[in-house]
Each structure stands twice: as structure tokens, then as C-alpha cells.
Amino acid sequence: MPARAEAPARVAPDAERDRDRQRDIARATAAKIDAIELAMTTGFFDDAEARWGSTRRAPAAAAAIAAPPGETEILSLIEQPDAAAAPAAAPVVEESAILYANGQAALAEQMLRDSLRDLGRSERQPWWMLFDLVQAEGREQDFDSIAIDYASHFETSPPAYADRRPLAGAAPPGAGVAPVAHLAGMLDPDLAGRLEGLSSRTGSPLRLDFAGITGATPDGCAALLAALQALRASRRGIVLAGADTLLAVLRPMLAIGERESGPAPWLLLLELLQLLDREKDFEETAMDYCVTFEVSPPSFEALPEAGSARTAGKAGMAAGQRFMLPAVVGGEVRELLAAIETYAAIDPAGPVVLDCTRLVRIDFAAATDLHACLRRLALDGRRIELRELNHLVAALLRLLNYGDCARLYAYTY
């Protein structure tokens, strides 16, 4: 737990109450102005309750996961080239990014926490960077504490935690061309059958994109469940894109005490929560499943590293392959850069898309070398995109002027 600050000097009760009241008024006013400006520029705010319009009692975990963008989804992308450059380039943002890139996470965290008192009153960037930092270290309790303050200050739903710790082992095995399986339309057995045979392949993680799913049948849920279980058993790395869309489709099919849809949609939801490493939500849904079908609840199992999944934002899912960057880029990167150039040569006319879903940190020297590589590709007329950046990395790349050769797409909460 963070150390508690020393208690302030005692003042007269009336004066202290008046000061607190004035502070609350000022904070609320600033937050409302910021929310209005954000809504005008993004238009992402929505009425979650009106969207569902159901009187049935849905599982608590499913309701939280399946909320629309801007509410309680894990992460969503702002689909605009300047997404990583929108916040003010404050010195504390740049300095924290450099410290983190150089492996000084504790100093970067302290600097970001200190900035919340001033820069954090109007800018969300230091909050987002802090979220990414504690998630990269697997500190869920610290994340929840920061999320509560963030939600109170900006008058929005608190973001949900996602474990984004790097997988153990050397960085290079996490890199490579990531094949994509797009599922769209009605999830039925034929659609889910497209995943058959993928578990036998080896190499970089498989990217499953569910953003186009519009509905599901119980048999389709059963088929997809079997495919996901086979992939997990094969210890193949999985990147889930558009998982919130699939969860939103499953939610209306689930109601505690109702068995009309059968167990398959429930078990598919539990499998997704398992892949997403959301133990609390899994346990809540498992108990709801137990009550509905009067069976023993399934148990959450920690996934082996090779079979674990990572989440990806649902926007901007380009067709075809992407190059998946490893969790940590640092030290000698000649082999990685050569692999990127080989990937770029596969389709000389297509975009060069670097998937940063697993990227947690890139050191300063490696970022400089990568920039030089991407600039050479850009001079040949190639369109370059770095997708799903965390905000610590995005701030560093912005500082190094990556915008002169690439488009940066960063998460927002």
C-alpha cells in the first residue's frame, strides 16, 4: 500500500469546512468543463442503460464487462492518427516517459503521482500513464485506488483493471507476424468452425477479432468455446480484439435462473474471462452459473504463460497480418529490425502495421533505432502505423518525433 501522507496542520473547523467546500466546487466545475469539451471532440458518451433496456437480472460480471465504449470496458482505442499526441506535452509527461523507458519505474510513478495535483486536474494523460504503469507491474489494488480517484475527479465510470505484465522469458519469442482471424456476423457453428486447425500452428500469437460479431446462437457459442479451449490447450498465445463486442452479444442471452439458452453461452463467457485473466469477474459469473444450473461452479485456473491472452482495442482492426512487437524492446535490436523489414517486404504496397498490444516498455536507445528503421520505410512511401500503444510508450515515441514517419494510435480509458 502507498505510504500515507502526513496529516496537515489543524485549522479552525469552520475554516476547514469552508476551504473543503470551495475546493469541491472548483474541482467539480473544472471536471464538468473538461467532460463537456471531451464530449464535443469525441462524441463517445452514450446512455448505457437505455441501450440495454432489459428488466431481467443479468450476471454482475457480464454487465460490467459488456458496457459500451467510454464506460467500463477494459480498453478502447481512439481512432484518430493524433490520438497519442492529443494531450499537452507537459515536461512531467516527457520526463516520466524517459525514466520508465530507462527502467526507473519507481521514479516515473512518483513523478506521475505528484503531477495529479496540478496537471492531473485538467489533463488525463498522467492518469493514463499511471494506469499503464501499475498494470504492467500487476498491481491491481493500486490500480483500483487510482481508478476511484480518476472516476471521482472526471465524473465518469472507473476503468477496469487488466493484467498487462510482460510474459516471462526473453523478449524476442513474443515478436513476429501475427495472423488474424476475423469473425463477423452471426456466431454460429459454421463461423466458429473457421478457427479449426489454428491450434496446431506454432509461432507468434494468433489474433482473434470479434469486433464484427452481431449475434450468437447457443450452438455457435458451443463451437467457439471448443475452439478456444483447443487453442488454450495448445499453449498458443492469443490476442483478443473486440472482446467487449462479443461480451455485449452474450449478455442478453444470460439471466440468472433462466436456462432457455443452455449452458454454452455461460461457459463461453467464463472461458473469455479466463483468457482475459479477470478472476474476480470469473468468480462472480461462476456463482451465477451455479445458481442457474444447480451445479458446482467451475474454478478459475491461472493460465500458463504460453497460453495466456492479451486484449486489444476494438477500433481500427486492419485486415490481414500485423507485426507483433515483444513485451520489452531493448538492448540489441538488429534481429527485431530485420524481422520488421522482412515483414514489410511481404506486401510492398500495403501498410506496415506494428501491433503494440503486448509492448510494455521500449528503452530509449532501442526506440531511437526503431525510429531510424521506420523512417527508411517511410521514405520508400510506406504507410506506417503503431497500434494499441500504452501511454508510457506513446509519450516516449512522441518525444522522439515518431510522428514524422508513422501514425500513433494510443489507448484511452
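Taking a Cβ cut-off of under 11 Å around T217, the surrounding Lys, Arg, Asp and Glu residues balance to a net charge of -3, with basic ones at +1 and acidic ones at -1. This ranking places I98, I213 by how few other beta-carbon atoms lie within 10 Å of each, fewest first, which gives I98, I213. Tell me whether region 106-170 comes out rounded, prolate or oblate; compute the Cα gyration tensor, take square roots of the eigenvalues as a ≥ b ≥ c, and use a/c under 1.5 as the rounded threshold. Cα axes put region 106-170 in the oblate bin. With a cut-off of 9 Å between beta carbons, the residues surrounding A181 carry a summed charge of +1, where Lys and Arg count +1 and Asp and Glu -1.
G331 sits among other residues whose Cβ lies under 14 Å from its own Cβ, and their net charge, with Lys and Arg +1 and Asp and Glu -1, is -2. As a rough footprinting exposure proxy, the listed residues D404, D277 were ranked by other beta carbons within 10 Å of their own, and the order from fewest upward is D404, D277. Counting other Cβ atoms within 10 Å as a rough exposure proxy, the listed residues S261, S115, S96 run S261, S115, S96 from fewest neighbours to most.
Read-outs: derived from the displayed coordinates by stated rules, not from any lab. This is a predicted model, so every value here is computed, not measured. Every residue, glycine among them, receives a Cβ derived from its backbone with ideal geometry; neighbour counts consider all protein chains shown.
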